[in-house]
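Report on one structure; see the data block that follows.
We did not get these values from a lab; they are worked out from the coordinates using the rules stated. Just so it is clear, the structure is predicted and the values come from calculations on it, not from any experiment. Reconstructed Cβ throughout: ideal geometry from the backbone, glycine too, with neighbour counts over all protein chains shown.
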Amino acid sequence: MQALGQGGAQAASALRAALGGAGVTVRDAAFSTSASASASTAASTSASTSASTPTAASIAASASATGFGVVLCGGCDGSLLQTIQALALNAAVLAIDCAAEPLSPDAMWALLEAGATDLLPWSSAELCAQQVAARLHRWDALQKLMGSHAVQGCLVGDSAPWRALVRGVVEVAAFTQSPVLITGETGTGKDLIARLIHRLSGATGELTVLDCTTLSPELAGSELFGHERGAFTGAVSARDGAFAMANGGILFLDEVGELPLPLQAQLLRVIQEQQYKRIGSNQWQPSRFRLVCATNRDLEADVATGAFRADLYYRIAAWRCRPPPLRERQADILPLVDHFLRQLDPQGRGCPLDRAVRDYLLTRDYKGNVRDLRQTVARIWYRHTGPGPITIGDVPPDERLHRAPAWPDAPFCDAIRHAVDRGMSLARIGQAATDMAIRLVLEQEGDNNQRAAQRLGVTDRALQIRRKAAREGETESRS
Ligand SMILES: Nc1ncnc2c1ncn2[C@@H]1O[C@H](COP(=O)(O)OP(=O)(O)OP(=O)(O)O)[C@@H](O)[C@H]1O
């Protein structure tokens, strides 16, 4: 372990040189030296994200594309966490622990929570460079895939929770062979995600989809295992089952939570042994498939009650993902509306919406999530005729029942009444409402100032100033 201290700049410089040897292009090498003995050294891959703090020496370097950062940490303090937070807004950040004493687990978690994507211990410049290079190349490949038509053309959405989900899905699909369990409410895109996993997995075989709700006990065996001719009455010819069809590809078990217990046992055996027998045959047939399952049930609760086998659950849930419901990613509503309108338009151009329709679509409650939104858009589109934007009159009469209640609504009035009764001034009430709105939107947008400002209808700079004032206000009230 090399302590950075006063040698921080040299260590960063050695790493920078070694990164060149490991195939990473260092784009910028602006140093600012450490002010303290236990200096942190920050290396960022993007010139625009180079940052130095009073306790950090920094270099800026570049992997290949933009958007990667490497931060050498000689300790962990508030200013370093702020540096990482700032870098993480625009870059995937790799932190390297170069402290004389290894960072404590709490400090490591703090770095990850501040936005570091990964954390490595410092060993030597050469080994670190290889580790950094491997991660940057992976992140670069991941970023390219995320921007590819295969992903962008099918999964619409740019909100922070949606992007985090897609990043995880793309990574597990393209770089592992892990089974995937997709859980989530109806209409959140589980089926689309399964199809995306198949496209990115590099599997040569087909995507075989089996809806477990349609598996009747009488037919399930044949559906899964296939049968020989004459195996039972009505088996006039031999037939392949799902395990045969999925060989070399992906078996997608939709609504896996509905699988009856006896079939769960049979499925487990096939997964473990990677072979099966057709009904009416004694011969084992090999089948290698990747398993992707989806359900809107709480399978862990089903395991607890015994409705779902624990051993099967841990087999199918090696990697889990949960597409968030639409209410947790409202920023995706209008892009989805636009996508569906272009799909509906025979010319593929889509159609603008007037403000009232936009507001209606943004505030409506979508119990069926994206499917519900798509159907709503289709119903409005079919009523629309002639040139010009879609107007509020195009919303079908029965749809209007879903209109969100007028705002400010009763809970809002109650909250204000409560504040007034407690003797709050107008200025204090206004400030609290503004601070709350900012906090909520920043949470939803993963602390991205630019997107939050856009949603709140203020400039980037204005939001930064407000946030700074709020932080200063908090510090004052604490002291
Ligand atoms: N991110 C998205 N981008 C574009 N279309 C989407 C997206 N998410 C869902 N959809 C569309 O919404 C509809 C429902 O999606 P999907 O069938 O994948 O949901 P699901 O979660 O599998 O639903 P269920 O649990 O009811 O089977 C589909 O028409 C799908 O194309």
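Here are the numbers for this structure:
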item: Antiparallel DSSP beta bridges within the chain, percent to nearest 5; result: 25
item: Cβ crowding within 10 Å averaged over residues, with 409-419, 367-377, 69-79 ranked highest first; result: 69-79, 367-377, 409-419
item: P(r), alpha carbons of the chain - 20 Å bins starting at zero, rounded %; result: 19, 41, 34, 6, 0
item: Reach of Lys144 by Cα under 28 Å, taken over lysines that are not fewer than 8 positions away in the same chain; result: Lys190
item: Fully extended contour minus Cα-Cα distance, from Arg439 to Asp211, at 0.36 nm per residue; result: 77.9 nm
item: HN-Hα J in Hz across the range 106-111 - Karplus 6.51, -1.76, 1.60, θ = phi - 60°, x for Gly and Pro; result: 4, 5, 4, 4, 4, 5
item: Total charge dipole magnitude, the chain, about the Cα centre, Cβ charges on Lys, Arg, Asp, Glu only, Debye to nearest 20; result: 800
item: From the C-alpha gyration tensor of the range 160-321, square roots of 5λ in Å; result: 28, 18, 13
item: Estimated inter-spin distance, Ala164 and Arg422, nm [label 7 Å along Cα→Cβ]; result: 2.9
item: Convex hull volume of the range 339-479 per residue (C-alpha atoms, cubic angstrom); result: 162
item: Scaled radius of gyration (Cα, divided by 2.2 N^0.38 Å) that the range 410-478 gives; result: 1.22
item: Gyration tensor (alpha-carbon) shape descriptor, the range 70-127, a/c threshold 1.5; result: oblate
item: Theoretical FRET efficiency, 1/(1+(r/R0)^6), r = Cβ-Cβ of Thr305 and Gln274, R0 30 Å, to 0.05; result: 0.50
item: Note, ³J(HN,Hα) from phi for the range 206-221, Karplus 6.51, -1.76, 1.60, rounded to Hz, x at Gly and Pro; result: 6, 9, 9, 9, 10, 8, 5, 6, 9, 7, 7, x, 6, 9, 4, x
item: Test item: Cα-centred dipole of the range 160-321, Lys/Arg +1 and Asp/Glu -1 on Cβ, debye; result: 500
item: Length gained when the stretch Ala265-Ser148 is fully extended (0.36 nm per residue, less Cα-Cα span); result: 38.2 nm
